[in-house]
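Values in this text are rule-based calculations from the coordinates and carry no lab data. What you see is a predicted model; the values in this text were computed from it and never measured. Backbone-built Cβ (ideal geometry, glycine too); neighbour counts: all protein chains shown.
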Amino acid sequence: MPMQPGELSEAATVLCAVAILLLPLAVAGLALINTGFGRGRNAAHSMICAISVFSVAALVYLAVGFSLQSYPGGPSLALTVEGRSWSLLGAAPLMMGGHLFDQPALALLACLQLFAVGLAAVIPLGAGSGRWRLGACCASSALLAAIVYPLFAHWVWGGGWLAQLGQLERCGSGALDLGGAAVIQAIGGISALCVLWILGPRQGKYEISGMAIPALLSVAYAGLIAAFFAGSEGGFSSIEAVRTLFQSDALLVAGWLHYLAFDLFVGAWEVRTARAEGIPHLSVIPCLALTFLMLRAAYARRATLAMEA
């Protein structure tokens with residue numbers, strides 16, 4: 001009997017099932033990496049967190065997440081813009097209900113996603129290794145598995161608007177993510193960055209480096225200027241002179257080191273001062289971004305004034 005479109009042969013089903021069962025090995029390897037980079041006294045806590053986070057993420061995704069993710073051709077909530085329907089959110093039955101497991105391809109997709117969301121939830125553990133409790137780890141993984149991961153996975157894998165961009169001209173085939181680099185690794189990495197922003201830097205660990213690294217960069221900058229600036233062409237009198245000056249690779253690196261050293265020095269000073277004054281780290285993050293932007297504006301203004309003079 002010929003197979004219908006979307007069906008899998010028995011050999012393909014077995015091969016896909018075996019490949020899916022290899023995914024927990026990636027979770028185990030990531031948990032070992034996080035444990036290995038942490039302190040020895042936190043090893044047991046790190047492994048327990050990895051197991052708990054994976055379990056919580058899988059259960060929450062089973063109950064709620066897959067409903068919001070749905071699958072291509074499945075029920076979804078869409079927004080119509082200029083006659084085109086754009087799928088924004090899945091609307092499949094809760095608890096993976098309905099006739100999902102009547103189709104081998106969809107059943108394999110659901111099993112794959114159970115392991116994939118667990119992998120995405122384990123990635124942020126390394127960012128806060130030894131600095132957050134088991135309850136906070138499980139709560140953050142539940143939020144990721146219930147809302148964050150299903151939302152983005154629907155946009156890319158569930159027939160959402162990113163996948164539908166292929167309907168437009170000059171958008172190719174829409175968003176494609178065959179290996180999970182965007183849905184799994186990117187979501188896990190962004191979540192890890194959010195964890196770092198919330199926890200802030202480790203107290204007392206980077207006090208010296210906040211001054212030593214800018215100092216070393218400044219020494220390298222001074223050495224390059226002393227070695228290459230005297231005999232170089234160009235200057236700061238005009239845009240053409242600046243362009244000519246930075247045609248030298250050594251002076252171009254020197255300019256980059258100058259900006260980098262100054263930004264790191266000022267940023268480290270802001271963090272130290274905020275910590276001493278008891279200012280929450282989350283409140284410092286916008287200040288760091290503004291510092292990065294405003295210092296660039298100050299450099300540009302200084303160069304403009306020099307050229308006008």
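In the distance distribution for segment 71-163, Cα-Cα pairs more than 17 Å apart total 57 percent. Between the residues Phe152, Pro214, Gly255, the greatest Cα displacement towards the positive end of the dipole of the chain, with unit charges on the Cβ of Lys, Arg, Asp and Glu, is found for Pro214. Seen from every direction in turn and averaged, the convex hull around the alpha carbons of the chain projects onto 24.1 nm².
Considering only Cys49, Ser141, Leu165, and ranking their Cα positions along the charge dipole of the chain that arises from unit charges at the beta-carbon of Lys, Arg, Asp and Glu, the one farthest toward the positive end is Cys49. This model, with +1 at the C-beta of Lys and Arg and -1 at the C-beta of Asp and Glu, gives the chain a dipole about its Cα centre of some 960 debye.
Going through the DSSP H helices of the chain, which span 15 Å or more along their own axis at the Cα atoms while scoring at least 0.5 as a mean Kyte-Doolittle hydropathy? Taking the DSSP H segments of the chain (at least 15 Å long, mean hydropathy at least 0.5), we get 10-21, 23-37, 43-60, 104-122, 187-199, 209-228, 249-277, 281-308.
Amide hydrogen proximity for Gly174: with H placed 1.01 Å from N in the peptide plane, the residues at 5 or more positions away or on another chain lying under 5 Å are Gly166.
Taking GluC sites (Glu not before Pro) that fall in a DSSP loop and have at most 10 other Cβ atoms within 10 Å as cut points, what is the longest piece of the chain between them? Longest gap between qualifying sites, sites excluded: 83-168. Using alpha carbons only, the radius of gyration of segment 106-207 set against its Kirkwood radius gives Rg/Rh = 1.08.
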